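What follows is a single structure, and I will ask about it in a moment.
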Amino acid sequence: SGIDLGPTLFGATSKEELLRAVLVQRTREVEQGLEAIVSARESFPVKLGHLARFLQGKVAQVSPVFLEDIRRYAPECFQVVEEFRARAIPRYFGRLFEEGIRSGHVRRQVNRDLLIRMLVLSIQGIIRPQTVEELHLRPREALEHILAIIFDGILTPRGRRARRPFVGKRKRGQ
């Protein structure tokens, strides 16, 4: 989906303000998508699959070099991205993990706060140009591996069996 830059461009008085406005709009769009997935009346494994593919698609749309340039040359704008990650991961993955525990797909003894922190730090630390290059991965692949490692560790045998049909399924063109 395209970004409506009309109101954004009209009010921006500098490149940094424009960049910040675009990043805020983009994070809102991602947040709406996350909310729709987590709130859907579907089973935990289906939501987990949708969430993973949605995030992989979003990661694939943004160049890690672009994000690194923002981090380096416009750190106050990059803060929008970091604050979004720090807010959205606990909110949406936390809700999904709780649902997975209730449905018997996620092990009850998993420390939710530690799990969320691991996910946030893994995404922030690995989805960076230098790191993905060192690992010989594209950002989308790195995210796929992060999610697989974390989910395979927290899912019950029932959860892993239910997740298998959704692993690796991609829409055409992704």
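If a residue must be open to solvent by less than 40 Å² (accessible area, probe 1.4 Å) and out of contact with any Leu (no Cβ under 8 Å at 6 or more places or on another chain), how many such residues does the range 38-52 contain?
4
Further question: Working carefully through the options 107, 85, find the one that is more than 21 Å from residue 157 (Cβ to Cβ) and either among the basic types (Lys, Arg) or open to solvent by 50 Å² or more (accessible area, probe 1.4 Å) (or both).
Criteria check complete, one pass: 85.
On the basis of being within 20 Å of residue 27 (Cα to Cα), modelled with pLDDT of 90 or more, among the basic types (Lys, Arg) and surrounded by fewer than 14 Cβ atoms within 10 Å (Cβ to Cβ), does residue 91 make the cut?
Here the answer is no, as residue 91 does not meet what is asked.
Residue check, residue 99 against (1) open to solvent by less than 50 Å² (accessible area, probe 1.4 Å); (2) within 26 Å of residue 153 (Cα to Cα); (3) modelled with pLDDT under 90; (4) not hydrophobic (A, V, I, L, M, F, W, C), all met but one. Which one?
Here residue 99 meets the rest and fails (3).
On to the next question. What number of residues in the range 59-104 are within 19 Å of residue 146 (Cα to Cα) and outside any helix (DSSP H, G or I)?
2
In this structure, does residue 116 turn out to be closer than 30 Å to residue 14 by Cβ and open to solvent by less than 30 Å² (accessible area, probe 1.4 Å)?
no
Any chance the range 16-31 includes a residue that's assigned to a loop (DSSP other than H, G, I, E, B) and surrounded by fewer than 16 Cβ atoms within 10 Å (Cβ to Cβ)?
no
Residues checked against (1) touching a residue at least 12 places away in the same chain (Cβ under 8 Å); (2) of a type in the set (Phe, Trp, Tyr):
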site: 70; (1), (2): yes, no
site: 73; (1), (2): no, yes
site: 84; (1), (2): yes, yes
site: 108; (1), (2): no, no
site: 126; (1), (2): yes, no
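Using the structure shown, decide if residue 66 is among the aromatic types (Phe, Trp, Tyr) and over 25 Å from residue 153 (Cβ atoms).
Judged against the criteria, residue 66 is a match.
Cβ-Cβ below 7 Å, separation at least six or inter-chain, first residue in the range 19-35 and within 26 Å of residue 46 (Cβ to Cβ), second among the charged types (D, E, K, R) and at pLDDT below 95: which pairs?
What qualifies is 30/58.
The values are calculated or read from the model by the stated rules, or taken from the named source; none is laboratory data. Since the model is a prediction, treat every value here as computed from it, not as a measurement. All Cβ positions, even for glycine, are placed from backbone atoms using ideal geometry, and neighbour counts span all protein chains on display. These area figures cover heavy atoms from the full protein model, side chains too; ligands, DNA and RNA do not enter into them. Shrake-Rupley method; radii C 1.70, N 1.55, O 1.52, S 1.80 Å.
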